[in-house]
Structures are given as structure tokens and as C-alpha cells.
1. What does the charge count near residue 188 come to, summing +1 for each Lys or Arg and -1 for each Asp or Glu among other residues with Cβ under 15 Å from its Cβ?
2. What's the extension gain from residue 146 to residue 257 if we count 0.36 nm per residue and subtract their Cα-Cα distance?
3. Using only the alpha carbons of region 82-125, what is the convex hull's orientation-averaged projected area in square nanometres?
4. Going highest first, how would you order 153-162, 247-256 by mean Cβ packing within 10 Å?
5. In nm, give the distance between the simple-model label positions of residue 73 and residue 198, each being 7 Å from the Cα along the Cα-to-Cβ direction.
6. Once the principal axes of the Cα atoms of region 463-508 are found, what is the range along each, listed largest first in whole angstroms?
7. For each pair in 200/363; 59/94; 235/378; 200/378; 59/95; 363/471, compute the distance between the two Cα atoms and list the pairs where it is over 31 Å.
8. If the convex hull of the alpha-carbon atoms of region 140-255 is projected onto planes in all directions, what is the mean projected area in square nanometres?
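No lab work stands behind these numbers, since they all come straight from the coordinates. Bear in mind the structure is a predicted one, so any value in this text is a computation, not a measurement. Glycine also receives a Cβ, built like all others from the backbone with ideal geometry; neighbour counts cover every protein chain displayed.
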Amino acid sequence: MMVLGLQERIDVIRSSAQLVFRRTDIVPETPLSPGTTILRAYDNAGQGLLILGGPGAGKTTLLLELAQELLTRAQNDPQHPIPVILNLSSWASKKAPLASWLADQLRLVYGIPLRLSQTLLEQDYWLLLLDGLDEVKASARSQCIEAINLYREEHFAPLVVCSRRDEYAMQHAQLALSSAVEIQPLQEQEVMTYLKGIGKPMATVRAALRSNPVLKQLLTTPRWLSLVILTYRDKAIRDLPQLGTAEQQQQHILERYVERMLEQRTTKGHFVSTQARSWLVWLAQQMQKRSQTEFFLEQMGKALLPPDRNPINVALESTGAIIETRWQRSFYANLDAFLAMVRSVPEIIQACFGADLGSREMKAWFNRLTPAEQTRRKNFAAKFKTVHDTFRALPLSNARNISLHRTGIAPVEVNITGRFGVSHICTPIKHVPTSESAHIIAGDDPALQWAATLPPDPVQPTWTDFKIDGKPLFPECQAYLQEARNLVAQARSISQNIHGNNTLTPPS
């Protein structure tokens, strides 16, 4: 593992020691001894450390390394605070006091109940490792720094903050921490030694660095070094960028990196790389709109919750207004995903064992196979066609095709009876009114006391409330899944008869 060089910076923090013992002869930037670890830098800092670095310099990696070391200490010492890593990017959405934001993030990221996390914060139980100060919106970054400083005044607890160097330097505010270190760029000899350690798979990369000064200059950060290693392992010299500006070569590397990562899928399904790229771009755009830099798959379930029971929503609902209920959009999206995955089973089987010639790429791959394997695959496809077509004609296969090809909406309905006995029949485009909402918790808000006396109502449906083509939905989904299992069993039997013990070439 490569040890990153660190340099102490005393000109980027606001510490009480500097104010008392201000001197003009102190060098603001001092390289630390070679091999100095981030744990040693943290210990030397005392109660607060700022980690700076350029883009891709390895700040988050160092923070993870520090967290691991501090976690080991906490395991051996019950009095040691527990290290937790949180990303500051979402702070700007509400600009709340840092303690409130921290408690909410501990609940969101680590699943710790809000009241418990608040109590433990008050007791300085946590050792906070805050990443991504530079990812806070530029207009709110100085405010975030001040919020951290205010928290430090109220809590004498260890704290570490990570930020890009330039974004931090642009702020008029400085963090009130004991010390700061900046990650140094990788040196040419370090890079070459590291590549030599990998061996023959990196031979062409080492050769390219000797004749490509732009690429050599690019590989001064762990991020780009890692990208190049992942992208060009075992590749020929012609595959590497040869000419162009730094930006052009960066773009070349990123494009090839994405292609190679998408090529590593172990299962070739119905989706192509262009679709995956499109979905990833959409996801990145949505996260950017929400000032998020971390994606938590388990947080997708939050969309199942009804709208917040705040005074504005309560007032709107009391007039009969309809506010979108988020569980409906999430439910229908998940149903589409389930149908698409199950429906893809026969296509995956056909690609792996038969002759799936539906695309130019698959035809080219098929034509490269030996004549014997081509014949066997065609025989499999002929035998498999009946069960394949039967599965494709199932009602839920048709429902999947309707939604996937945007020819209409899946024939799914949910029937809910509201608080006044009114039935609501809803579809993907006809939502349940949120005036039929969950029980209101008033808390200490007198404006909601009247609403809290109303009985709860069944706006959240049960699984028995859903139907497709007039039949209970979930039993139909279970039956559909069983049909897919039967399909797999029949495919195995046909494959054994046709292919036997012969080797099959994986699709590529």
C-alpha cells in the first residue's frame, strides 16, 4: 500500500495557540517526516485536524484509514469515543445547527434513533470524521465552517474535517482546529515503483509513461493512478492515450474506464451499456439536485413514507387538496423492476445456451464460435422456443412489456377506503389523496392539537389491496416467479440433452 506524503499547514486554521503566540518567522508549510501516517498526524494534532488535498489526492482514503485505526482503539478502550464518518454535502439543504444535522445524519446513515444519537452527541460519545467540506454548496461553505466552529466551542471533543485545498482556501472563514495537513502529490519514482510491484499487467502503462509527459503529470494523484490501473491492466500500448491535452487524455481514460467496468458484468441481460450510462447520468443529476454525494440503496425505501405532517401540509389537506403520496411512485417503479428482471430470465438463458441473434454484437460473437458449438446452440434454441414463447405470453410478461415499451400503464390497481368510508381506486397515474393520511403526531405544536384527535386511517395499503387484471397482485407475482423457476429447470434439462459436458463460450 502506498504511503502518501503529508505536509503540515499552520496558515489555514484558526487556533487559539496561534493567536496567543503569533510569530512572523514560522514557516506556514512544513513537510512531515517521510512515512508519517495519518494516525500520527492526528495524534500530534490533539483534538482537531484538517486534512487538505487536491482532487483525487486521497483525502477520503486517508479518512477511512484513520477511522479504522481509531475504531481499533475504541475496541480496546471503552472510554475512547467511537469514530463515525459523515459527509457534509447535505448540510447546506437546511443549514441547521451542526448538532441537529449530526443527529439526523447518524439516524440516516447509521440507523441510530434520533433521541439516542442526540443524547450520545451531548455526551461527546462520537469521534466525528467529517468528509466533503468542499462538496457543500459554495454559497454556504463559510456558514458551514462557522457552524463547525460553534459546535467546537460547545463540545470539547475530537473532530477531523476533510476538504479540497482550493475550495477551502477561497473561504473567508477558517476552521478553529489544532492542526492541518495537506496531502502531497505522488512523485514519479513512487508511481513507477508501485506499477513495477504490480508486474507484467502494467508493463504497457510503464512504457507509455516514458514517452507521454502529459500522462506522467496526470498520475500524481492516487485517483488517476487507480483509474489507469483498473482501465489498462493487460492492455496493449495502442489502447492508452498517446496525444492531446491533459483534459483530452483525462476524457479518454474516463471513457475507457466506464466501458471496462460495464464489460465486467457477470450476467448479460436485456440491458445494454448505453442504458446503464443513461441511468447513471440520471441518478447523478438527481443526487446533484439534492446536494447529495453519497447514494444509499437502503434509503430508497424512504420514498414509501407519506408527506411530512407539517402545518402547511395539514392546512392544505384540510381543504381537500391532493399532495402526491410518495409510496405510490416508489411502488410502481419497484413493480416494473421486478417484472423486468423476471421477464429477462428466458433472454438470459437464450444468450448463455442458445442462439440469441437479436443484436449486431451478438451476431458477431456467435459467428466467431466453432461450427460445432453453433449447431448445438441452434438446436437448443429450437428446443427451447416453445417454453420461451409460452413464458413470454404470460399476463405479467405482457404487463411488463406495456410499461417497459411505454405503450400504456400496467393494469395494476389499489383499492383503499378512507376515513370517511370513501373508496379510492388508484393506478400509477391516479394517486391516493393525502387528505386520507396517517395519524397526525402533534408534538408540542398547538396548531396541530386538533388534528391529532382524528383517528388514523388506512392510506398505507396492505398487500391484499393490490390487484392486476382483477386478480390479487402478489399471488400472481409469486406464481410468475415460480414459472420462471420452472423455465430454468426446463432449460437445464434441454441443455443437458443438447450440450452435455461440452464447453460453452460465455457471451461477450
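1. It works out to a net charge of +3.
2. 36.1 nm
3. Its average projected convex-hull area is 2.9 nm².
4. The densest-packed peptide leads the list: 153-162, 247-256.
5. In this crude label model, residue 73 to residue 198 measures out at 3.4 nm.
6. Largest first, region 463-508 extends 49, 24, 15 Å along its Cα principal axes.
7. Checking Cα-Cα distances, 200/363; 235/378; 200/378; 363/471 exceed 31 Å.
8. For region 140-255, averaging the hull's shadow over all directions gives 9.7 nm².
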